[in-house]
């Protein structure tokens with residue numbers, strides 16, 4: 001999977017001020033991710049990988065019995081937003097780094113948690129191997145990521161316009177299980193859930209993706225400015241999915257609990 005990492009960093013940095021206003025799905029998925037485990041058993045040093053503006057970090061602080069929390073994100077403004085929100089909390093370290101290059105020592109983390117962030121990594125097989133490196137024996141990885149059904153309506157609408165890539169590609173359950181097994185994780189629990197969000201228009205959907213920092217960042221896209229004609233053709237094609245005067249958008253979320 002080929003991603004423009006510098007583009008990802010810029011997109012999320014630019015979306016820091018608008019992210020929380022449109023991140024309801026992210027919060028819902030984060031709560032459900034934590035409900036799937038016994039958070040009272042989360043102790044020691046915890047890593048929130050791709051912390052964004054700090055929602056999951058805050059939930060972990062409230063629910064777990066952590067000793068040290070590490071909040072890590074690739075976008076410095078996002079990390080600063082987390083730090084501002086949690087200024088009165090204790091024992092938190094803030095690290096600006098790429099999840100694909102963890103600046104952490106071996107076997108220093110008790111649990112790694114990540115909510116809708118790992119889809120922005122190029123090589124998840126390498127990411128999982130590195131996560132296993134930093135986890136202590138009996139440590140666990142708990143994460144959610146988007147699956148291949150995500151935004152299939154938008155993808156099919158753009159396919160009527162040209163052959164360029166307009167929507168990010170996402171790994172499947174089978175691929176994730178393979179990567180985890182190759183990295184040395186055992187007894188992984190994998191669950192797929194489909195969420196349908198509804199919008200007043202295609203423009204509303206695209207504006208939300210921009211506010212989330214989740215606009216198209218896949219390499220191989222058309223680098224020319226999209227013309228009004230092409231955009232209108234895509235919007236017209238998307239309207240074929242309309243239900244009761246609203247535009248649906250599918251988000252497939254794959255949740256994983258993996259142990260070393």
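The table that follows gives values for the structure above.
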{"read-out": "Region 6-32-region 84-128 distance, computed between alpha-carbon centres (Å)", "value": "16"}
{"read-out": "Shape of region 1-129, Cα gyration tensor, a/c cut at 1.5", "value": "rounded"}
{"read-out": "Ascending count of other beta-carbon atoms within 10 Å, so fewest first, for 114, 255", "value": "255, 114"}
{"read-out": "Distance (nanometres) between label positions extended 7 Å along Cα→Cβ at residue 210 and residue 107", "value": "5.0"}
{"read-out": "Helix-only [θ]222 nm of the chain, DSSP H runs n ≥ 4, -39500 (n - 2.57) each, per residue, nearest 500", "value": "-11000 deg cm²/dmol"}
{"read-out": "Label zone at residue 260 (point 7 Å along Cα-to-Cβ), backbone N below 17 Å, region 35-72", "value": "42-49, 67-70"}
{"read-out": "Inter-label distance for residue 25 and residue 62, nm, one decimal - labels placed 7 Å from Cα along Cα-to-Cβ", "value": "2.3"}
{"read-out": "Estimated FRET transfer efficiency when R0 is 45 angstrom, pair residue 162-residue 41 (beta carbons, to 0.05)", "value": "0.35"}
{"read-out": "Prolate/oblate/rounded label for region 77-183 (Cα gyration tensor, a/c 1.5)", "value": "oblate"}
{"read-out": "Using alpha-carbon coordinates, inclination of helix 124-134 to the longest axis of the chain, degrees", "value": "20"}
{"read-out": "Spin-label model distance (nm) - residue 181 vs residue 91, 7 Å beyond Cα toward Cβ", "value": "3.8"}
{"read-out": "Full-stretch length increase - residue 6, residue 133 - with 0.36 nm per residue and alpha-carbon distance subtracted", "value": "43.2 nm"}
{"read-out": "Helix axis angle, 202-212 relative to the chain longest principal axis, alpha carbon, degrees", "value": "30"}
{"read-out": "Packing-based exposure ordering (other Cβ within 10 Å, fewest first) of 51, 96, 121", "value": "96, 121, 51"}
{"read-out": "On Cα atoms only, tilt of 24-35 relative to the major axis of the chain in degrees", "value": "30"}
{"read-out": "Cα gyration tensor shape for the chain, rounded if a/c is under 1.5, else prolate or oblate", "value": "prolate"}
{"read-out": "Among 86-93, 5-12, 65-72, the order from most to least packed when residues are scored by Cβ within 10 Å on average", "value": "65-72, 5-12, 86-93"}
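Since every read-out is calculated from the coordinates, none of them should be taken as a lab result. Because the structure is predicted, anything quoted here is derived from the model rather than measured. Heads up, the Cβs are rebuilt from the backbone with ideal geometry, glycines too, and the neighbour counts pull from every protein chain shown.
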